[in-house]
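The values are calculated or read from the model by the stated rules, or taken from the named source; none is laboratory data. Keep in mind it's a predicted model, so treat the numbers as computed, not measured. As a convention, Cβ positions derive from the backbone with ideal geometry for all residues, glycine included, and neighbour counts pool all protein chains shown. In case anyone asks, the SASA skips ligands and DNA or RNA and just uses the protein heavy atoms, side chains included. Shrake-Rupley method; radii C 1.70, N 1.55, O 1.52, S 1.80 Å.
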Amino acid sequence: MIKRSLLIATLAVVAIAPLAGQTSSKSYKTPRTPWGDPDLQGNYTNLYENGTPLERPKEFAGRSLDQVKGEELARIKRATQDRTINAFQGPIHAPDNWWQDALNLTRGSQAWLIVDPPDGQIPALTPEAERRIAARAEARRSQTRGPADSWEDRSLYDRCLTRGLPGSMMPAIYGNSYQIVQGQGYVAIRYEMIHETRIIPLDDHAHVGKNIQLDMGDARGHWDGDTLVVVTTNFKDRSVYRNASPETLKLTERFTRVAPDQVKWAVTVEDPNTWTRPWTYAMPLTLNDGEPLMPYECHEGNYGLKNILSAARADEKAAADEK
């Protein structure tokens with residue numbers, strides 16, 4: 001069996017640089033790899049969509065995404081940028097020139113992310129999901145542990161383990177780069193934040209057995225014309241998306257190169273045990289070699305987790321001293 005590291009190296013060797021460009025065109029023809037697959041390769045970012053709400057805000061009720069554009073959309077994006085930067089002012093936050101200089105939300109292209117249902121809202125939960133989520137909440141309330149008794153009480157994100165899927169595709173204030181690399185029969189996607197890599201086979205093989213669960217799920221891909229379709233199942237309970245059922249959640253992603261400098265990414269979330277209907281959200285990935293994947297030594301530099309735990313111990317000591 002080819003080792004994972006060797007496979008990644010092989011994919012990197014055969015990577016073909018995509019064409020450069022700036023504008024989208026309905027007549028755009030997707031380039032091909034030497035073996036004939038649509039060429040999606042490159043370094044992409046979704047930084048410009050940071051701060052874009054998942055659901056349609058109430059003030060846009062009755063309007064569609066294509067009705068919020070031009071100066072109205074630009075004004076929304078400028079306000080989002082100002083609000084984001086101002087939220088991190090002060091001595092306890094990062095230096096002013098860390099990620100702020102690269103944050104350019106005025107290039108954002110949409111006012112919200114959900115494209116289906118048409119109302120831009122996450123569908124209602126099923127009765128089963130409501131009971132399951134309520135039981136989990138009650139279990140948390142009844143436990144005697146505090147939120148920072150141990151590193152195990154913190155989120156998988158805090159612990160630098162995973163953002164899961166599709167969480168790993170959601171934009172943040174930094175770490176928003178993605179590299180798509182292709183080889184014959186495979187596509188690899190590297191995620192800057194939490195430094196995860198997905199190896200996606202392009203074949204008709206069935207998913208792994210139901211007893212095997214993964215934080216990023218088990219992916220299988222195929223081409224639908226010029227669109228890469230990736231179906232992912234077999235999720236772990238600890239990292240499954242939005243309290244879905246790990247046994248029945250299915251994510252269907254679509255990657256379509258719509259311009260020399262842009263790939264449209266969409267994901268359909270389907271879980272009949274959690275939502276009353278499937279739902280889809282989408283955003284552009286913009287080719288930008290000025291935003292390459294940077295080393296993300298999260299464990300090595302995870303001062304946040306260390307400080308959370310040490311602050312909790314300091315609070316406990318202060319409370320004990322007052323007795």
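Overview of results
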| quantity | calculated |
| --- | --- |
| Estimated dipole of the chain in Debye, rounded to 20 [Cβ of Lys and Arg +1, of Asp and Glu -1, Cα centre] | 300 |
| Per residue accessible area of the range 223-323, 1.4 Å probe, in Å² | 50 |
| Read-out Cα extents along the principal axes in Å, derived from the coordinates shown; its label in (1) 47, 40, 36; (2) 45, 44, 37; (3) 73, 50, 42 | (3) |
| Top positive-direction residue, dipole computed over the range 176-323 with Cβ charges, set L309, N288, I189 | L309 |
| Accessible-area order (highest first, 1.4 angstrom probe) of the listed residues Y186, Y241, Y191 | Y186, Y241, Y191 |
| Charge dipole of the chain about the Cα centre (unit charges at C-beta), most positive-ward option of N50, W223, G36 | W223 |
| Solvent-accessible ranking of T227, T276, largest area first, probe 1.4 Å | T276, T227 |
| Helical contribution to [θ] at 222 nm, DSSP H n ≥ 4, -39,500 (n - 2.57), averaged over the chain, rounded to 500 | -6500 deg cm²/dmol |
| Under 20 Å from the Cα of K264 - aspartates and glutamates, other chains or at least 8 residues apart | D37, D39, E49, E55, D66, D116, E192, D224, D226, E253, D289, E291 |
| Accessible area (Å², 1.4 Å probe, nearest 10) - K236 | 70 |
| Cβ-placed point charges (K, R +1; D, E -1), dipole of the range 139-217 about Cα centre in debye, nearest 20 | 280 |
| Ranked order, W112, W35 - accessible area, probe 1.4 Å, largest first | W35, W112 |
| Selected from C160, A148, A137, residue furthest toward positive end of dipole (the range 132-173; charges at beta carbon) | A137 |
| Distance from the range 42-77 to the range 149-178 (C-alpha centre basis), Å | 23 |
| Only Lys, Arg (+1) and Asp, Glu (-1) charged, at Cβ; the range 248-323 dipole about Cα centre in debye | 340 |
